[in-house]
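Novice: Structure below; questions to follow.
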Amino acid sequence: MVTEEQLDHYRIEGTEVRVVRDALELNDVIGIVVAWDEESVIIRKGNRRVVKLSRSYLYEPAAAPRTELG
């Protein structure tokens, strides 16, 4: 699970993050961290839409190479 400190760092720096939800890269969500609570994170995508995702997913900087799951 992503920590409060990581999320706060991503939000303050405006870092674009990649949310890896499963093994398919097609299902990744890329955007900027807007807000979060104990269970979820709100990400603003490039088209200005927001999505609410579980904190249990893998959050990493979009500029870094993608971490492969499973």
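The values are calculated or read from the model by the stated rules, or taken from the named source; none is laboratory data. Note that the structure is a prediction, hence the values are computed from the model and not measured. Quick reminder, even Gly has a Cβ in these numbers, built from the backbone with ideal geometry, and neighbours come from all protein chains shown. Remember, those area values only see protein heavy atoms, side chains included, never the ligands or the DNA or RNA. Shrake-Rupley method; radii C 1.70, N 1.55, O 1.52, S 1.80 Å.
Novice: Run the quick spin-label model on LEU26 and SER40: label points 7 Å from Cα toward the beta carbon, then report their separation in nm to one decimal.
Specialist: Spacing of the two 7 Å Cα→Cβ label points: 2.6 nm.
Novice: Grab the beta carbon distance between ASN47 and MET1, set R0 = 25 Å, and tell me the FRET efficiency rounded to 0.05.
Specialist: 0.40
Novice: Now, a different point. As I understand it, the value is the acute angle between the Cα axis of helix 4-13 and the longest principal axis of the Cα atoms of the chain; what does it come to in degrees, rounded to 10?
Specialist: Approximately 80 degrees, to the nearest ten.
Novice: Please give the length that would be gained between ILE12 and ARG66 if that part of the chain were fully extended, namely 0.36 nm times their separation in residues minus their C-alpha to C-alpha distance (nm, one decimal).
Specialist: 17.2 nm
Novice: To continue, here is another question. Any idea of the accessible area per residue across the chain, 1.4 Å probe, to the nearest Å²?
Specialist: Accessible area per residue: 67 Å².
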